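K.L.:
Structure in structure tokens, see below.
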Amino acid sequence: MPYEESTALLDEETHEAINIDRTKGDFVFPERHKFDAGHGLSAKTIDYICDVKNDPQWVREFRHKALQVFLDKPAPTHWATKDLENIDFDRIRYYLSDGEKPKRSWDEVPPEVLETFERLGIPEQERAFLAGVEAQYDSEAAYSNMKEELTKQGVIFVNSTEGLKNHEEIFRPWFGKVIPTGDNKYSALNSAVFSGGSFIYIPKGVKLKQPLQAYFRINSESFGQFERTLIIADEGAEVMYMEGCTAPKFETATLHSAVVELVALKGARIQYVTVQNWSNNVFNLVTKRGLAMEDAEVRWIDCNIGSRLTMKYPGVIMKGRRARGEVISIALANTGQHQDTGAKMIHAADETTSNIVSKSISVGRGRATYRGQVHIPRHLKGCRNNTECDALLINSNSRTDTYPAITVRGNRHATQHEASVSQVSEEMLFYMQQRGLNEGQAMSLAVNGFINDLVREFPMEYSVELKRLIDLEMEGSVG
Amino acid sequence: MSLNIHNLSATLEDGTEILKGVTLEIPQGEVHAIMGPNGSGKSTLSKVIAGHEGYLVTGGNVTLDEEDVSDMSIDERSRAGIFLAFQYPSEVPGVSNANFIRAALQSRLPKGEEIDAVAYYKKLYSKMDLLEMDRKFTGRAVNEGFSGGEKKRNEILQMMMLEPKYCILDETDSGLDIDALKIVAKGVNAMRSPERGILLITHYQRLLDYIKPDQVHVMAEGRIVRSGGPELALELEKHGYDFLKEAAFA
């Protein structure tokens, strides 16, 4: 059948597109690490990391305890993909750094690190529209800076190590409280070996007009990146945080396992934007959750384009009355990729509202999975949830699965759930091609149309990047 | 210079014969009309010319200004100058009309060249004014929630923006009320030019009251059974297709 032939061709093209796409992030510099924890994970590894980082005793204990939890917990393959078994924890290096403190000026950053972030456009973005940037290279931040006026307002934006040492009184009460060590095997792993990531505190009533951004870069092979982020927005504060990430395409698998905890106190608002563009040998196993107190709002705006396997279900615990939680998510799974994403909404107070909008695109033999959990207990009243998940299948061998679990007890709540699966029809393609677009361009336009309403939720600078990435994924070798 | 359809035969994937040797030449500067009963192969002819992959060409060919298009893909044929106004245009959810037409124009430019946005919108608005289309139309998703008349007008708008060498209009008049038909005809007539050939596929004479053809062809059972001047359409209107078929196969 001609249609199958042509889509097979597209598959080939999109396959090549992956290589084109990676040219931006696919480059590597020789390692020059002063500190290398070596391969494999044991109590010794933990001590090595603690010694290098000069961790306080409570952190050392926290890490050792977490290691035990990690070792005791089996991989969740009873519900998740068996591909998790292919992670060889003994072949991964858990800590790599050059032993330098993060620099406040790009001029002081080592040349190859600077070149890395220049190529990724980070300093340019900082000048253009960011309030502050942290740029992490393997295990530690190479650069970290924030606009001076924010420092004067009492805003804290540092890496996790500085956070726990210099701001213990704010850091410690919330650290590991939104996501306990034992939440899952990979949050336990992160708790054992975490390094880097951001600690942010926005004082009462301070509303940041520009976003803060973190960029996570993996440069070394057989390495695991385990950043740990904690963001606290005090009463009435507002912040938008954006993260991006890339890695070169290595022969061996790379592991990225972050833990991100958000705390929005009374009336505060946190928006967390992610554009994940890992190369497709990265296992991306991330735990993200926010706590929203009275009248507070936590929004996760999440886009997953790269990686071999992403498992990520950003969540919001709505603990205070009228708290709001939202997850807006876009996932694109190409051949060799599995995007297993979703959302968790835990209603724990009256009149709390949650909204989930998830759109996934499966290309070639790519697989997209949506897993949702919405929990509204009987004793509450006036809670609302809206869940929409739409899947677009590009090829006949693309795959999508949806596992929505909505538990609503009692009759004083309102929930709504919609799901759809669609395909780019042969007739739609014919129509677009008849106007002069080649097959890749036509697909790309159809995909952009599918996610258009969600792309608008991303800051403009990111939505442009997002469209570009999707075009590259879809257009193949079209020149 | 012409769009030349030479002894064209085509089947469905299952082998069903639809076109059985169609020969037709549409020279630049002329408007031709194909009429014929339902199922005669008129729409298939337009799709095969455009390169639709659901049909298998089993004989003959199509040349565009003497260039054989047989090995050209759908989009290559489009960029070479063949435009098809669809009888049932597809919806493209989430893609605005302005972006869609822009992408189509962009596909005609050499790599690295960008469309001038100001000039683009100026042209778009002038064509929309001619077709009496509301400005809000540019922001709406392609054909999504459009009435039948809006869809057909949108096809004409795209045609006017792309300025193809050869236009094929597949039953553009069907489902249009008389006012909409007049507007569509105004658009098509504005496209008439010594450098452009137009092929109208229609079931009814009505359209030809507003767009005067140079030649009329009658298609039945996958063949052109009769060709003549505009008077042929009137004759058909009077006697119906049965009369013609009888005449042709007598």
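K.L.:
Need the failing condition index for residue A:199 against (1) at pLDDT below 95; (2) over 18 Å from residue A:95 (Cα atoms); (3) part of a strand (DSSP E or B); (4) not aliphatic (A, V, I, L, M), just the number.
P.N.:
Of the numbered conditions (1) at pLDDT below 95; (2) over 18 Å from residue A:95 (Cα atoms); (3) part of a strand (DSSP E or B); (4) not aliphatic (A, V, I, L, M), the odd one out for residue A:199 is (1).
K.L.:
Can you confirm whether segment A:172-183 contains a residue that is touching a Leu at 6+ places or on another chain (Cβ under 9 Å) and among the polar types (S, T, N, Q)?
P.N.:
Within segment A:172-183 (the criterion being touching a Leu at 6+ places or on another chain (Cβ under 9 Å) and among the polar types (S, T, N, Q)), the answer is no, since none of the residues qualifies.
K.L.:
Give the residue that is nearest to the other protein chains (Cβ to nearest Cβ), with candidates limited to residues of segment B:60-99 that are on the phi > 0 side of the Ramachandran plot and among the small types (Gly, Ala, Ser).
P.N.:
Ranking the candidates gives B:94 first.
K.L.:
Would you point out which residue out of B:132, B:144 is in a loop (DSSP other than H, G, I, E, B), over 19 Å from the mean Cα position of the chain (by Cα), under 27 Å from residue B:182 (Cβ atoms) and within 11 Å of chain A (Cβ to nearest Cβ)? I'd like the intermediate steps shown before the answer.
P.N.:
Numbers: B:132 fails: within 11 Å of chain A (Cβ to nearest Cβ).
B:144 is the lone residue from the list that is in a loop (DSSP other than H, G, I, E, B), over 19 Å from the mean Cα position of the chain (by Cα), under 27 Å from residue B:182 (Cβ atoms) and within 11 Å of chain A (Cβ to nearest Cβ).
K.L.:
For residue B:49, work out the one condition from (1) touching a helix residue (DSSP H, G or I) at 6+ places or on another chain (Cβ under 7 Å); (2) within 12 Å of chain A (Cβ to nearest Cβ); (3) buried (at least 20 other Cβ atoms within 10 Å of the Cβ) it doesn't fulfil.
P.N.:
Of the numbered conditions (1) touching a helix residue (DSSP H, G or I) at 6+ places or on another chain (Cβ under 7 Å); (2) within 12 Å of chain A (Cβ to nearest Cβ); (3) buried (at least 20 other Cβ atoms within 10 Å of the Cβ), the odd one out for residue B:49 is (1).
K.L.:
Could you list, in sequence order, all residues of segment A:98-122 that are buried (at least 18 other Cβ atoms within 10 Å of the Cβ) and either in a loop (DSSP other than H, G, I, E, B) or not aliphatic (A, V, I, L, M) (or both)?
P.N.:
The answer is A:102, A:103, A:106, A:109, A:116, A:117, A:120.
K.L.:
Here is a further query. So, in segment A:56-78, of the ones that are touching a Leu at 6+ places or on another chain (Cβ under 8 Å) and not hydroxyl-bearing (Ser, Thr, Tyr), which residue ends up farthest from residue A:195 (Cα to Cα)? Steps first, answer last, please.
P.N.:
Step one: filter segment A:56-78 for residues touching a Leu at 6+ places or on another chain (Cβ under 8 Å), giving A:56, A:59, A:66-67, A:70, A:75-77.
Pick out the ones that are also not hydroxyl-bearing (Ser, Thr, Tyr) and you get A:56, A:59, A:66-67, A:70, A:75-76.
Numbers: A:56: 14, A:59: 12, A:66: 14, A:67: 14, A:70: 17, A:75: 22, A:76: 24 Å.
Looking at residues that are touching a Leu at 6+ places or on another chain (Cβ under 8 Å) and not hydroxyl-bearing (Ser, Thr, Tyr), I get A:76.
K.L.:
Quick check, is residue A:395 farther than 22 Å from residue A:312 by Cβ, touching a Gly at 6+ places or on another chain (Cβ under 6 Å) and not β-branched (Val, Ile, Thr)?
P.N.:
Judged against the criteria, residue A:395 is a match.
K.L.:
Only one residue in B:186, B:111, B:151 is among the basic types (Lys, Arg), within 12 Å of chain A (Cβ to nearest Cβ) and surrounded by 15 or more Cβ atoms within 10 Å (Cβ to Cβ). Which one?
P.N.:
Going through B:186, B:111, B:151 in turn, just one is among the basic types (Lys, Arg), within 12 Å of chain A (Cβ to nearest Cβ) and surrounded by 15 or more Cβ atoms within 10 Å (Cβ to Cβ): B:151.
The values are calculated or read from the model by the stated rules, or taken from the named source; none is laboratory data. In this text the structure is predicted, and so the values were computed from the model without any measurement. As a convention, Cβ positions derive from the backbone with ideal geometry for all residues, glycine included, and neighbour counts pool all protein chains shown.
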